[in-house]
1. With Ile111, Ile119 as the choices, which residue is hydrophobic (A, V, I, L, M, F, W, C), open to solvent by less than 20 Å² (accessible area, probe 1.4 Å) and touching a residue at least 12 places away in the same chain (Cβ under 8 Å)?
2. Looking at Met57, Met103, which is the one that is buried (at least 18 other Cβ atoms within 10 Å of the Cβ) and either under 30 Å from Gln140 (Cα atoms) or out of contact with any Leu (no Cβ under 8 Å at 6 or more places or on another chain) (or both)?
3. Regarding the stretch 34-46, can at least one residue be identified that is in a strand (DSSP E or B) and of a type in the set (Val, Ile, Thr)?
4. From the set of residues in the stretch 122-175 that are on the phi > 0 side of the Ramachandran plot and modelled with pLDDT of 90 or more, which is most open to solvent (accessible area, probe 1.4 Å)?
5. What are the pairs with Cβ atoms under 9 angstrom where one residue, in the stretch 193-210, is within 17 Å of Pro128 (Cα to Cα) and the other, located anywhere, is at pLDDT below 85 and open to solvent by 70 Å² or more (accessible area, probe 1.4 Å)? Sequence gap at least six, or different chains.
6. Regarding the stretch 216-226, can at least one residue be identified that is modelled with pLDDT under 85 and either surrounded by fewer than 17 Cβ atoms within 10 Å (Cβ to Cβ) or touching a helix residue (DSSP H, G or I) at 6+ places or on another chain (Cβ under 8 Å) (or both)?
7. What about Ser193, is it of a type outside the set (Val, Ile, Thr), open to solvent by 60 Å² or more (accessible area, probe 1.4 Å), assigned to a strand (DSSP E or B) and closer than 19 Å to Ala108 by Cβ?
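The values are calculated or read from the model by the stated rules, or taken from the named source; none is laboratory data. What you are looking at is a predicted structure, and each value in this text was computed from that prediction instead of being measured. Note: ideal-geometry Cβ built from the backbone for every residue, glycine included; neighbour counts use all protein chains shown. Just so you know, the surface numbers come from the protein's heavy atoms only, side chains and all, with ligands and any DNA or RNA stripped out. Shrake-Rupley method; radii C 1.70, N 1.55, O 1.52, S 1.80 Å.
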Amino acid sequence: MSEEMDRRVKFDIVMLSPQARGLTAGQTEDHVRMRNLDSGLEWIWPRQKFLNRKFAMQEMFEDFKEGENWQLPDEQDPFTETPDAEVYIGTSNLSLESLAYHMALEIALNITDYRDRKIGVLNVTLLPCNENGSPYTVEQDKFVDDPADLLNQDLHFTLKIASISGLPPQYADMYVQYTMFFENESNRSAVISDTSASELNFSKQFSFMPLTKEVLEYLSTGALLLQVWGKQRPPKDGSLHKSKNTKQMIKSELMVLASAAPNEPIKKVWN
């Protein structure tokens, strides 16, 4: 339908891991990627959202075939997505094990997208502290050899997200969010306008009073998912394929894929 109506978008099935959906466990689920062939921007839709859109696309396609007025304004067009739609950019996995030994951690974490490709870096610090938020000094030496020594004691620490860097330039209005163990709501950083302004300086103190066996197990073996979200902006030079229609653009892509992997079968997708 997209090809025949020259809607300049392409649809593919993509598989999203639990981590890419903001979950620490679960099964991989199929979603649908809609990619604008002009701008190169893409959106990942849950299966049900795609099915709802598909019904509207089919109605539009019937009007198109019958020669009726089939075009709709952008806000009603099932082949478009609002420019202000927030998109998942990637995830960093932060191990909390250092806290189980009452140790500070400063680390640069890879940000990976839903394809598990590295697309940026998140600079993070875990800092044990007292109840007032003051970090322990070297002289105070709160390190423990056995995490069990922390059981039934009060544990305070600060999570600092200093900066984000290396993200592709098409992203804007980015922020980081995460949900700590036992929290019902997500923590969300301030928004940075574009990839050249990387300072976040997002900090929050957490307290477990006292530290239970369940929480200690989480710190010792679990990981905190730091999700990066934002918006997309089209390239400044406009369309990537001004002289081609949808069918020609898709055919060109298939030829590139075939030449890159001549022994791999090309999977037909719905367009």
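1. Result: Ile111 is the single residue among Ile111, Ile119 that is hydrophobic (A, V, I, L, M, F, W, C), open to solvent by less than 20 Å² (accessible area, probe 1.4 Å) and touching a residue at least 12 places away in the same chain (Cβ under 8 Å).
2. Every option except Met57 fails the conditions.
3. Looking through the stretch 34-46, at least one residue is in a strand (DSSP E or B) and of a type in the set (Val, Ile, Thr).
4. Asn152
5. Qualifying pairs under 9 Å: none.
6. Among the residues of the stretch 216-226, not one is modelled with pLDDT under 85 and either surrounded by fewer than 17 Cβ atoms within 10 Å (Cβ to Cβ) or touching a helix residue (DSSP H, G or I) at 6+ places or on another chain (Cβ under 8 Å) (or both), which makes the answer no.
7. no
Results for (1) farther than 28 Å from Gln170 by Cα; (2) in a helix (DSSP H, G or I), shown as yes or no for each residue.
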position: Glu3; (1), (2): no, no
position: Asp6; (1), (2): no, no
position: Val14; (1), (2): no, no
position: Phe64; (1), (2): yes, yes
position: Gly67; (1), (2): yes, no
position: Trp70; (1), (2): yes, no
position: Glu81; (1), (2): no, no
position: Asn93; (1), (2): no, no
